Amino acid sequence: MNMTVKQKIVYALLCIITLGLSGCSIGETVQPWDKAILARPEMTFEGDPLDTKYVEHIYSSKEAASGGAGVGGGGCGCN
C-alpha cells in the first residue's frame with residue numbers, strides 16, 4: 001500500500017485524535033457517598049457568601065450604580 005505524505009499525516013492525526021478522545025471517555029461515576037462531599041458550600045462557584053456580597057458591593061460601588069452586577073447601564077444614564 002503506497003501512501004503519500006499527506007495521507008500519512010492525515011492518518012497520524014486521526015489516530016492521535018482518536019486516542020485522545022478515547023482517554024476522555026474513561027471515568028468513574030460519582031458514588032452516592034461522594035455526592036455529599038461535592039455538595040459542600042466550598043464546592044460552589046461563588047464560594048463564601050460573605051465574600052461574594054463583598055465583591056458585589058465593591059463592583060457596584062465602582063460602577064456608581066446600585067445593583068451594577070445585574071442590570072444594564074453603568075449609572076451614567078446611558079442604557
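In nm, to one decimal, how far is the modelled label at residue 3 from the one at residue 28, with both set 7 Å along Cα→Cβ?
3.7 nm
So what's the net charge close to residue 52: Lys and Arg +1, Asp and Glu -1, counting the other residues with Cβ under 15 Å from its Cβ?
-4
Read the figures in this text as sums done on the coordinates, not as results from a lab. The structure displayed is predicted, hence computed values, not measured ones. Here Cβ is always computed from backbone atoms with ideal geometry, including for glycine, and neighbour counts include all displayed protein chains.
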